[in-house]
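Written out below as structure tokens is the structure these notes cover.
The values are calculated or read from the model by the stated rules, or taken from the named source; none is laboratory data. A quick note: this is a predicted structure, and the numbers were derived from the prediction, not measured. Heads up, the Cβs are rebuilt from the backbone with ideal geometry, glycines too, and the neighbour counts pull from every protein chain shown. Keep in mind that these areas ignore ligands, DNA and RNA; they rest on the heavy atoms of the full protein, side chains included. Shrake-Rupley method; radii C 1.70, N 1.55, O 1.52, S 1.80 Å.
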Amino acid sequence: MKIAIIGLPKSGKTTVFNALTRGRAEVAAYDSSLAPNVGVAKVSDSRLVALENIFHPKKVVPAEVSYVDIAGSVKAFFKEGIGGEFLSYLTTADALLQVVRTFQDENLPHPEGSIDPKRDIATLDLELTFSDLNIIERRLDRLEVSLKAAKAAERGQYLKEQILLQKIKTELEKDIPIRQQELSKDELGALSNYQFLTAKPVLVVLNIGEELLPQASQLGDEISSLYPRFAVVALCGKLEMELAQFSDAEAKEFRESMGLTEPMLDQVIGLSYHLLGLISFFTTASAELKAWTIPSGMMAPGAAGKVHSDMEKGFIRAETISYADLESCGNLCEARKKGLLRTEGRNYVIRDGDIITFLFHV
Ligand SMILES: Nc1nc2c(ncn2[C@@H]2O[C@H](COP(=O)(O)OP(=O)(O)OP(=O)(O)O)[C@@H](O)[C@H]2O)c(=O)[nH]1
Ligand SMILES: [Mg+2]
């Protein structure tokens, strides 16, 4: 899973990136020629801790999410025409994380002159819309040319694409992002290759000042009610970045003293999983306990293919137990006695938390 961090200049993107990845990228060093920061966050999962006590593996490998932090802002990119590489960081991301400045700081003027999260979210959405419109217009021009030279057999396909692109273009021009347009499954499938930015799931991070921490969830709810399709979380980026450099125990103690509960990293990752419809399953082969991320609804052979392509090709069956069953039995031996270890075939749909051994031939 790859998430691109976007937002207006000086909204706290790099600060949030550092908090999420426990990184130390330099904040406040805007330079559009700067290479993006790329970092990986390990997904903390309490189930892994419990499974470690059951299996005593030599190694535990949690799932990972990668974050890309791009210097400057999308707004500047389109105005200044810095498309190319930067745009490709956005288009190849599975989701966009928008950092919205909500902290007050007189020494750090907001580029638009005032703190107004609703305005900033709308501004950025508009920029994403421009980018999509740009791509659509170019494609429509090319389609026109292709249609002139097309053989009868190809015309149908081209015309279908033209009609679909015109339809979403009309809606985009009314400021309706693709994620909010009513499109059929087939239409969405046909669009997926374009990787349109307004089709991507969005996670909004309201970067609040410490003084607003007691109102964090209220502020988040306010924005979520305006943007029901966004996942929203309010947090203090600066504080989280500092905490990310503490040891787990120190950070926990500090959090408790501030009345904070779940670490931000876990909250954001949890929301990302939910937003992207992802689940985890676990494998324990070769003394390695490993968490894997898949889209929910994936069947056993597809999940096996995540582990190794040979496992998908030569898939025979999956020995499976749910996390809840294994945890309640305490070990596999007991679970087997109770008949809770199941043998599942090709049509089995993997469930979140399954512990699986794939059997396959090569
Ligand atoms: N007071 C306060 N300042 C913050 C907070 N988050 C970030 N800042 C400050 O805002 C400035 C910009 O933060 P960055 O994280 O560099 O912002 P950015 O969006 O990456 O900026 P560019 O990449 O230059 O567009 C820095 O001086 C941060 O210390 C916050 O929660 N409170
Ligand atoms: Mg930055």
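Just give me the residues in region 327-362 being open to solvent by less than 60 Å² (accessible area, probe 1.4 Å) and under 29 Å from the mean Cα position of the chain (by Cα), in sequence order.
Of everything in region 327-362, those that are open to solvent by less than 60 Å² (accessible area, probe 1.4 Å) and under 29 Å from the mean Cα position of the chain (by Cα) turn out to be Y348, I350, G353, D354, I355, I356, F358.
Let me confirm something: among S257, S192, which residue is under 22 Å from the mean Cα position of the chain (by Cα), open to solvent by 20 Å² or more (accessible area, probe 1.4 Å) and away from ligand 2 (no atom under 16 Å from the Cβ)?
After applying the criteria, what remains is S192.
Quick one: in region 91-131, of everything that is part of a helix (DSSP H, G or I) and touching a Ser or Thr at 6+ places or on another chain (Cβ under 6 Å), which residue is nearest to L213 (Cα to Cα)?
P117
Taking only region 235-254 into account, find how many residues are among the acidic types (D, E) and open to solvent by less than 30 Å² (accessible area, probe 1.4 Å).
Number of matching residues: 1.
Would you say Q180 is on the phi < 0 side of the Ramachandran plot and surrounded by 12 or more Cβ atoms within 10 Å (Cβ to Cβ)?
yes
So which residues in region 36-58 are part of a strand (DSSP E or B) and touching a Ser or Thr at 6+ places or on another chain (Cβ under 9 Å), if there are any at all?
Hits for region 36-58 are N37, V38, G39, V40, A41.
State whether the residues of region 225-234 include one that is farther than 19 Å from A95 by Cα and either open to solvent by 40 Å² or more (accessible area, probe 1.4 Å) or assigned by TED's automatic domain parsing to the domain that holds G12 (or both).
yes
Looking at region 167-177, which of the residues that are touching a residue at least 24 places away in the same chain (Cβ under 8 Å) and under 25 Å from the mean Cα position of the chain (by Cα) is most open to solvent (accessible area, probe 1.4 Å)?
D175
In region 59-72, what count of residues is obtained for those that are outside any strand (DSSP E or B) and within 16 Å of ligand 1 (Cβ to nearest atom)?
3
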